[in-house]
Amino acid sequence: MTLKTRIHHNFAQLGEFIYRYPKATLIAALAIAIFCCAWLGQLRIDTSNESNLDKDHPAVKVYHDFHDQYGFEEAAVLMIKTDDLFDHDFLKKLSRLHHQLEAEVVFLDDIKSMISTDLVFGEDDDLVVENLILSFPQDADELARFKHHALNNTLFTEGFISRSGDYTSVFMYQQAYSPELLDGKKQPFSSQEQHQFMESIRAVISEYQADDFDISIGGGPMIGNTLLSKIAFETPVFAGLSNLVILILLYILFRRVSAVLLPLMVINVSLASLFGLMAMFDVALSSFSQILPSFILTVGVCDSVHFLSIFYQKYEEHQDKKRAIQEALSHTGMPMMLTSLTTAVGMLSFAFADIVPIGALGKFAAAGVMIAWFYTIVLLPSVLTLARISPTPRGKGTLVKSQQFLSRCGELGWHYPKAVTFTFGVILAAAIWSVSQLHFEHDPVKWLPEESEMPKSIKLLNDEFFGAIAVEVLLDTHQENGVKNTEMMTALEALNEMGESFSYNGVQMQSSRSVVDTLKQVHLGLNGNDPDFYSLPDSDELVAQELLLFEMSGGSELQRQVNSDFSSARVTMLGPWRDIIAYSEFVEKLEVEVRKIVGDLADVSVTGVIYLLSPVQKLAIETMAKSYISAAFVVTLMMILMIGSLRLGLLSMIPNLLPIVVGMGFMYVAGLKLDLYSILIGSIAIGLVVDDTVHFIHQFQYSFERSGDAEKAVKETLASTGNALLFTTILLFGGFMTYSLSGLINLRDFGLITGTIVVLALIADIVLLPALLRLIYHRQRQPLTDAQDQK
């Protein structure tokens, strides 16, 4: 007995065991599912920027060190448009908004606006530090005085008044760490807490929105919350849509209620078990794992389709349920196991990716595929044994008519092998050229339509408020009062100047802020507001004295510019929002220039969101290369071992790899870019498209060994498995095309390209594969011997 025969026999014995003990089998399977599902309540979502990298990554450590000293660097920004920013009624309304936000926004660490920001100027030989909280103008003269000093104060004009003068801004900084401790240790602010933070802001501003008080909201937390909301809303929606597509297509194929309900039960139990496992291992849902519902549902139901196709066929033929279950498991058990393994291998190619969410997706998508296979061969037969099912369907499935079409496709490949292979070769060559023209781009803002809130707010920040990207430069002297000297202040001033004009790789910084701005404003006020004195003090003593005088006068700006003992200082540089590719080389060059200016005065650390995203670009390209190579190699090796022939195994990979290359080439034709989603397509697709080839080759070998006639074997293969291949392709295509309804453009593109590849793979299997088999088995009427195959 050969290994293949033994495996078929073992699956038949499994069917006999399940038929004999259906209740015990069902209870055991459900017990496993219940155990996994018990953890579902702890499933969480994380779309934070640092979640892309390992917590021990140097960029993450620097980012958290910065938070320890200065708090969270990204702010939710309100941009308020009105006809006159210095209108008395407008300022009163702005003051009410400021105070209500301060009182009602949860997890708020700090809030800055025209109401709370220090106005620094000289008056009657005194330094005056005041804000609208302490001294709100009561009449026209006081209002004119406030306007005059505000427009001559860079802290106002560059921070809270737009370039056009039509907008003012309100910055709200969330807490850097969650109030919830884990084992007594601080934890980063979670995505759920950020969602509460943003929703509490929206609840307040809804009360103030008006034509003459038009509020737009932007900033980093808004981007994260938008993506979080999309994931939370769309994940169950896509699961429901996939179920609906599967329900309709299953009934079209089988015309049996049991053929609809049982597969839906199996795949939904599989999905729930998978999410339970994710929660058990504390793996959060991310923007990448959003594809899991449709992926697991559509891939999982394909196993059920293959099993039920044989079961109903044998049940109708023999009227014997036990025999039908045994023969269905014997016939499909091994191919289902092999196709599940190849799909899992395709996903496991991401398992060791340095981008954490992609690594998690690879591991748990692979686990989900195997979970679905397990429930298919255990749960499905046990329920079929216990259920009352008629051997005869209510009507003939409409896909019976497709048999003639499939046969003609196979005949085309068989009778015109050279023309078919030449045509596919030309298509492949064109696709390879198109793939070579693709460029990598990662820009979450472009995931949403241009007319939606997030892209519009980012554009407003770029146009009116000097940019939406902040680069944080941290200088640490490691000495108390190490910042309070002219040498350090001169270096900080030079960094400010560089941050207002530095340009590289198409990116230009537009604004820069530091303690130097406050010190120069103080120095100006102490010298009668003479513009010639908007400069740094000329001695270390004056630097220390003027900063101390500012604090004693009630100034509060220093807390976000220097640390408590003045041993370190920060410089915040603002630039336009661009994709991370544009910034990846820019930030490296910027850091070099910063270190040149600072020299040995202080240790330099550069951080911010863009510094967290920049490593992702390089890691993504490395991940793509490693995953594609490893997936292709392992799947090819598995195909050779499964088929038992080196030549046939290598041959079978041609119709598997060709659709992927053509699909990726289509991206260039459609004007799409490679991003962190689309780079996943190749490795995901190779695990999917190989499934049909496994079933085709498995059935071809079985028929050829019996008849010795390759042409007859191809015809019998298309007759016995053709409709199943067609239907699983329709299921996969329908499942991935549900993403066309997504509010995220990147997810729509992912669904379109992956669905297209699946369809191309079916065409390759029913047209190109017969042509390739004809070229191998040209005049051969008997199977290859082992010696011939080795030769």
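Looking at V266, V283, which is the one that is within 28 Å of the chain's Cα centre (by Cα) and surrounded by 22 or more Cβ atoms within 10 Å (Cβ to Cβ)?
Among V266, V283, only V266 is within 28 Å of the chain's Cα centre (by Cα) and surrounded by 22 or more Cβ atoms within 10 Å (Cβ to Cβ).
Each row is one residue, and each column tells you yes or no for (1) assigned by the TED database to the domain that holds A366; (2) hydroxyl-bearing (S, T, Y).
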position	(1), (2)
E180	no, no
Q196	no, no
P221	no, no
N268	yes, no
A279	yes, no
S286	yes, yes
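The rows are residues; the columns are (1) open to solvent by 30 Å² or more (accessible area, probe 1.4 Å); (2) part of a loop (DSSP other than H, G, I, E, B); (3) assigned by the TED database to the domain that holds A324; (4) closer than 18 Å to S190 by Cβ.
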residue: T5; (1), (2), (3), (4): yes, no, yes, no
residue: A12; (1), (2), (3), (4): no, no, yes, no
residue: G15; (1), (2), (3), (4): no, no, yes, no
residue: I18; (1), (2), (3), (4): no, no, yes, no
residue: T25; (1), (2), (3), (4): no, no, yes, no
residue: K61; (1), (2), (3), (4): yes, no, no, no
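Looking for something surrounded by fewer than 21 Cβ atoms within 10 Å (Cβ to Cβ) and in contact with a Leu (Cβ under 8 Å, 6 or more places away or on another chain) - is there at least one such residue anywhere in the range 304-324?
The answer is yes, given that some residue of the range 304-324 is surrounded by fewer than 21 Cβ atoms within 10 Å (Cβ to Cβ) and in contact with a Leu (Cβ under 8 Å, 6 or more places away or on another chain).
Inside the range 238-249, can you point out the residues that are without any contact (Cβ under 8 Å) to a residue 60 or more places away in the chain and open to solvent by less than 60 Å² (accessible area, probe 1.4 Å)?
A239, G240, N243
State yes or no: is A431 under 30 Å from L547 (Cβ atoms), touching a Gly at 6+ places or on another chain (Cβ under 7 Å) and of a type outside the set (V, I, T)?
No: the conditions fail for A431.
Any idea which of (1) under 30 Å from I640 (Cα atoms); (2) without any contact (Cβ under 8 Å) to a residue 60 or more places away in the chain is the one Q326 doesn't satisfy?
Among (1) under 30 Å from I640 (Cα atoms); (2) without any contact (Cβ under 8 Å) to a residue 60 or more places away in the chain, Q326 violates only (2).
Out of (1) part of a loop (DSSP other than H, G, I, E, B); (2) under 19 Å from W39 (Cβ atoms); (3) not charged (D, E, K, R), what's the single condition that is false for S287?
(2) is the only condition that S287 fails.
Restricting the search to the range 595-644, which residues are open to solvent by 50 Å² or more (accessible area, probe 1.4 Å), in a helix (DSSP H, G or I) and farther than 16 Å from I358 by Cα?
R595, K596, I597, I629, F633, V634, L637, L641
Can you name the condition, by its number, that S407 falls short on among (1) in a loop (DSSP other than H, G, I, E, B); (2) touching a helix residue (DSSP H, G or I) at 6+ places or on another chain (Cβ under 8 Å); (3) of a type in the set (S, T, Y)?
Only one criterion in (1) in a loop (DSSP other than H, G, I, E, B); (2) touching a helix residue (DSSP H, G or I) at 6+ places or on another chain (Cβ under 8 Å); (3) of a type in the set (S, T, Y) is unmet by S407, namely (1).
Could you tell me which numbered condition V669 fails, if it satisfies all but one of (1) closer than 22 Å to T298 by Cβ; (2) under 26 Å from the mean Cα position of the chain (by Cα); (3) aliphatic (A, V, I, L, M)?
Against the list (1) closer than 22 Å to T298 by Cβ; (2) under 26 Å from the mean Cα position of the chain (by Cα); (3) aliphatic (A, V, I, L, M), V669 comes up short only on (1).
Checking I201 against (1) farther than 28 Å from P576 by Cα; (2) buried (at least 18 other Cβ atoms within 10 Å of the Cβ), which test does it fail?
If we test I201 against (1) farther than 28 Å from P576 by Cα; (2) buried (at least 18 other Cβ atoms within 10 Å of the Cβ), just (1) comes out false.
Has the range 117-130 got any residue that is under 29 Å from F72 (Cα atoms), out of contact with any Lys or Arg (no Cβ under 7 Å at 6 or more places or on another chain), open to solvent by less than 30 Å² (accessible area, probe 1.4 Å) and of a type in the set (G, A, S)?
No, the range 117-130 has no match at all.
What about V690, is it farther than 17 Å from L338 by Cα, of a type in the set (A, V, I, L, M), in the same structural domain as L412 (by the TED database) and in contact with a helix residue (DSSP H, G or I) (Cβ under 7 Å, 6 or more places away or on another chain)?
Considered against the rule, which asks whether it is farther than 17 Å from L338 by Cα, of a type in the set (A, V, I, L, M), in the same structural domain as L412 (by the TED database) and in contact with a helix residue (DSSP H, G or I) (Cβ under 7 Å, 6 or more places away or on another chain), V690 comes out as no.
Yes/no per residue for (1) in contact with a Ser or Thr (Cβ under 9 Å, 6 or more places away or on another chain); (2) closer than 21 Å to M198 by Cβ; (3) free of Cβ contacts under 8 Å to residues at least 24 places away in the same chain:
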| residue | (1), (2), (3) |
| --- | --- |
| E74 | no, yes, no |
| D83 | no, no, no |
| H88 | no, no, no |
| D109 | no, yes, no |
| Q138 | no, no, yes |
| F146 | yes, no, no |
| T154 | no, no, no |
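Can you pull out the residues in the range 555-573 that are open to solvent by less than 20 Å² (accessible area, probe 1.4 Å) and over 17 Å from F66 (Cα atoms)?
G555
From L101, L85, L30, grab the single residue that is at pLDDT 95 or above, aliphatic (A, V, I, L, M) and either buried (at least 18 other Cβ atoms within 10 Å of the Cβ) or over 25 Å from the mean Cα position of the chain (by Cα) (or both).
Among L101, L85, L30, only L101 is at pLDDT 95 or above, aliphatic (A, V, I, L, M) and either buried (at least 18 other Cβ atoms within 10 Å of the Cβ) or over 25 Å from the mean Cα position of the chain (by Cα) (or both).
May I ask you to list the residues in the range 559-594 that are among the small types (G, A, S), in a strand (DSSP E or B) and within 34 Å of the chain's Cα centre (by Cα)?
G575
So, in the range 656-693, exactly how many residues are closer than 23 Å to I640 by Cα and open to solvent by less than 10 Å² (accessible area, probe 1.4 Å)?
12
Consider only pairs whose beta carbons are under 8 Å apart and that are at least six residues apart or on different chains; among these, list those whose first residue lies in the range 501-512 and is open to solvent by less than 10 Å² (accessible area, probe 1.4 Å) and whose second residue is acidic (D, E).
Note: pairs meeting the criteria are M509/E500; S511/E158; S511/E500; S512/E497; S512/E500.
With D282, D212 as the choices, which residue is among the acidic types (D, E) and in contact with a Phe, Trp or Tyr (Cβ under 9 Å, 6 or more places away or on another chain)?
The match here is D212.
Of everything in the range 410-456, what is in contact with a Lys or Arg (Cβ under 6 Å, 6 or more places away or on another chain) and part of a helix (DSSP H, G or I)? Give them in sequence order.
Hits for the range 410-456 are W414, P417.
Residue check: is E622 among the acidic types (D, E) and over 30 Å from Y173 (Cβ atoms)?
Spelling it out, E622 is indeed among the acidic types (D, E) and over 30 Å from Y173 (Cβ atoms).
Between residues in the range 588-607 that are assigned by the TED database to the domain that holds H478 and residues that are open to solvent by 40 Å² or more (accessible area, probe 1.4 Å) and among the basic types (K, R), which pairs lie under 8 Å by C-beta distance while being six or more apart or on different chains?
Listed pairs, sorted by first residue: V604/R595.
Quick test of your reading of the structure: I643 fulfils all but one of (1) in contact with a Ser or Thr (Cβ under 7 Å, 6 or more places away or on another chain); (2) within 30 Å of I223 (Cα to Cα). Name the failing condition by number.
(2)
Given the condition aromatic (F, W, Y), open to solvent by 40 Å² or more (accessible area, probe 1.4 Å), under 30 Å from A771 (Cα atoms) and at pLDDT 90 or above, answer yes or no: does some residue in the range 391-407 qualify?
Looking for residues that are aromatic (F, W, Y), open to solvent by 40 Å² or more (accessible area, probe 1.4 Å), under 30 Å from A771 (Cα atoms) and at pLDDT 90 or above, one finds none in the range 391-407, hence no.
Please verify whether F352 is open to solvent by 30 Å² or more (accessible area, probe 1.4 Å) and of a type in the set (F, W, Y), treating the condition exactly as stated.
yes
Evaluate the range 220-229: report whether one residue or more is more than 21 Å from the chain's Cα centre (by Cα), of a type outside the set (G, A, S) and crowded, with 19+ Cβ neighbours inside 10 Å.
No, there is no match, as no residue in the range 220-229 is more than 21 Å from the chain's Cα centre (by Cα), of a type outside the set (G, A, S) and crowded, with 19+ Cβ neighbours inside 10 Å.
Scan (1) at pLDDT 90 or above; (2) aliphatic (A, V, I, L, M); (3) open to solvent by 20 Å² or more (accessible area, probe 1.4 Å) for the single condition M552 breaks and write down its number.
(1)
The values are calculated or read from the model by the stated rules, or taken from the named source; none is laboratory data. Keep in mind the model is a prediction, meaning the values are calculated, not measured. Cβ coordinates were reconstructed from backbone atoms using ideal geometry, including for glycine residues, and neighbour counts include every protein chain displayed. Quick note on the areas: whole protein, heavy atoms, side chains included, nothing else; ligands and nucleic acids left out. Shrake-Rupley method; radii C 1.70, N 1.55, O 1.52, S 1.80 Å.
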